[in-house]
1. Any idea how far the Cα center of the stretch B:57-93 sits from the one of the stretch A:63-139, in Å?
2. Rank the residues A:352, A:368 as a footprinting-exposure proxy: fewest other Cβ atoms within 10 Å of their Cβ go first.
3. Among all helices in chain C defined by DSSP H, which have a length of 24 Å or more along the axis from Cα atoms plus a Kyte-Doolittle mean of at least 0.5?
4. Dipole of the stretch B:24-210 (Lys/Arg Cβ +1, Asp/Glu Cβ -1, origin at the Cα centre): which of B:28, B:170, B:41 lies farthest to the positive side?
5. Quick check on chain B: helices-only [θ] at 222 nm, where DSSP H runs of length 4 and up contribute -39,500 (n - 2.57) each and the sum goes over total residues. Nearest 500, please.
6. Using a cut-off of 15 Å between beta-carbons, work out the net charge of the residues near residue A:490 (Lys and Arg +1, Asp and Glu -1, residue A:490 not included).
7. For residue A:111, what is the net charge nearby, where nearby means another residue's Cβ is under 15 Å from its Cβ and Lys, Arg count +1, Asp, Glu -1?
8. Excluding same-chain pairs closer than 8 in sequence, count the lysine pairs in the stretch A:1-139 whose Cα atoms lie under 25 Å apart.
Amino acid sequence: MKEESAATVNYLNCDYSIRSWLLTVDHKRIGIMYLLAVTVFFLIGGIMATLFRFELSTAAGDLVTAETYNKLFTLHGVVMVFFFLIPSVPAVLGNFVLPLAIGAKDVAFPKLNLLSWYVFMIGGGITLFVALTGGLDTGWTFYTPYSSTYATTDVLSAAIGVFITGFSSILTGLNFLVTIHKMRAPGMTWMRMPLFVWALYATSLIMVLATPVLAITVALLAVERATGIGIFDPALGGDPVLFQHMFWFYSHPAVYIMILPSMGVISELVATFCRRRIFGYSFVAASSIAIAVIGFFVWGHHLFLSTQSVYAGMVFSFLSFLVAVPSAVKTFNWTATMYKSSVSWQSPMLYVMGFMGLFLVGGLTGVVLATLGLDVHMHDTYFVVAHFHYIMVGGVLMGYLGGLHYWWPKITGRMYSEAWAKVSALLVFVGFNLTFMPQFILGYLGMPRRYYAYPPEWQTLNVLSSAGASVLGVGYLIPVIYLLWSLRHGKPAPANPWGGKGLEWTIASPPTPHNFEKPVIVTEGAYAYGEGGHGHG
Amino acid sequence: MAESRNPLAHHFDSLEQQYAAAKLGMWSFLITEVMMFGGLFLGYILYRCRFPEVFAQGSHHLDIKLGAFNTAVLIVSSLTMALAVHAAQEGRKQATLTYLFFTLMLGLTFLGVKVIEYSDKYQHHLIPGARFLWSEGDAGPPQLFYSYYFCMTGLHAIHMVVGAGLLLWLMALTARNRFSPAYYTPIEMVGLYWHFVDIVWIFLFPLLYLIGRH
Amino acid sequence: MNHHIVPLKIYFAIFAALMAGTALTVWAAFQDFGEFNTLVAVVIAVVKAALVVLFFMHVKYSDKLIWVFASAGFIWLIILFAFTLMDPMTRDWLPVGAPLPM
Ligand SMILES: [Cu+2]
């Protein structure tokens, strides 16, 4: 039976029952379950954003009440950070691609992998329960003592939701670390690994080292909230700034949990669409690890305007600049790879270009904000909001969408409409800049974040931003339509539609349930395009 | 037949690879445990530096004898756990079962003593919150001490309870002949976990019970 | 699998050392080492923990990767402690609003 239809059995059609999906331990199916989940969360977070961009179209607070506005931006932040940005690239693309890219049958712990999806859904469910039963108004940062003592919303449930979700991230990181160490195919040495795998390794390090600190932080918050005992309570001699330190010990590196895997995707895409080995491969690989490590020493730049000591502020400010070095190494090496190569401008490559532009702006404004003196002026303004959206939305989402378009033929076995993909890449890029570029100006002029009303002279810039948000929204919706359309009507995808050199392109699209039909033996490094053959014109 | 069940999962090439993956996974998990308890120790250090006298006073209400007894109990349990792994390596089923059982009993003894200690704190109104009573000055900082005392020992105790469940599971598997000198990975992994929980207590005991005793 | 089987007498020796360490730490708590009281307690605890990690947890007999992972947790713990406590320790070195020392 199996022999007869060996050519057509793949991981999607091997079993159609719901049960076979809900109990699957196949990393490819789990990747798709994450894809569905994060898409739903992205939509929810996006609806919140739509609502408050409507509110901000007028200077007066007229659409929603101040309390509702607080809940909107809080849930937007919580949902987007914990339930979209952090799982998007690692849990969706990472789960699908990682074992294929290293020539493994699965991740090291397939059951644990399924467990992390369920843990994720339970945490997400609790958070959505909070959203539906009165909301949350602390901001995604949960700062004490407001969250522990004064807030009237359901901080306890939200903290429990985030706590639980953290374990999903921890388990994924743990799984990937062991997978990369122990599951590589013979011949797949460290220096032959695709850069996406290096990036996932660096990401997993952060997930394992930082996430537990967030877990204990929100657990303590939950305990304090539930029982009224003093942990961070200044009335009892506790220190709310301790909460901020613990929170940002995780939440700054969390930015690299989001951006590092995206950078890994970009490396894959640049190599494939320039038909070249990534220039300075080992530097790009090492820079992922460097970003992960240095990223642990900079969290205090979020506390410049707390009671954190000036001395600590200076140290954290200086260390924050250092992150720019490995980030620049990556950008320079991607550019050097593209230089004088024959780039094929297919849609994933457009997302790469978008990533580079947005990440550059986000990164450079990050250096501005890391400067102790300048941050005093910019702190908690729209300048900060614009900066981190350039990194976390501009950067991460461009990488995520680029990767999704790149691996979509492999995941589904179907090609999507290239023309529509180009239109959406363009819309996202234009819409994004239109949304957030005005916010840099607003922030510089002094508009604080998290207010639902503002002086009338800022209305023009705010309307521009809201208009941009609608373009951006359309840019995000179009892919949902044509990607779904491709499932039924798309051309069947060949095994290697882009001429990629990764192991995932050596097998059928979509892959068979156990990935590789023959034992994999790797004999050359990633991106072995052969020097001289291409692009040196 | 339970004995004929193949312990090698389909996605591994060899038992050796499977064992190495499990071991590395367990150590990664222990890293996350270190960082999680680390967040508690961090707050403890900060507040102890800020209120050294109050922390010493709070510590004086803890029972050194019970604390030291529990420390000894856990060390013995770590020994029996190590011996259980040793017996499993040599394929001695009955010895493995016996050592796992001793480890479990010692773990339950520890938890029993913990219950005695907690109820004593309850009777003396030393549980932070509305009922908290403190006759030696400002009742704020002492609550910090007890908040951390309960959070740290409480999280540790939760780990002990989980550990006890794992030991029961191991005993059931051992009784069903699931292990052999070629495959005893779960016993060794639970052992790592159990020793880690012991280490946490090795730090908690002096830091909570033994402040300013001279 | 031919894993290293640790001789029983090593387990018993480590056990004896851990019990002795417990006695030592209780004894030390009642001595006055001045500023070093806490340090003494922590050093004893670190030594005990190291014995457990190296022998009971077999790290001494494991490959380098396990050494690295076992150390990583403690290194990152120190990062968390050092860079957080740097703030409260130095809060009054340079009070906000005061001129910078030139
Ligand atoms: Cu930051």
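1. Here the two parts' Cα centres lie 39 Å apart.
2. A:368, A:352
3. C:8-29, C:64-89
4. Checking the options against the dipole of the stretch B:24-210, the answer is B:170.
5. Taken over chain B, the calculation gives -26500 deg cm²/dmol.
6. Spelling it out: positives minus negatives among the neighbours equals +3.
7. 0
8. 5
Only the coordinates and a few stated rules stand behind these numbers; no lab work does. In this text the structure is predicted, and so the values were computed from the model without any measurement. Here Cβ is always computed from backbone atoms with ideal geometry, including for glycine, and neighbour counts include all displayed protein chains.
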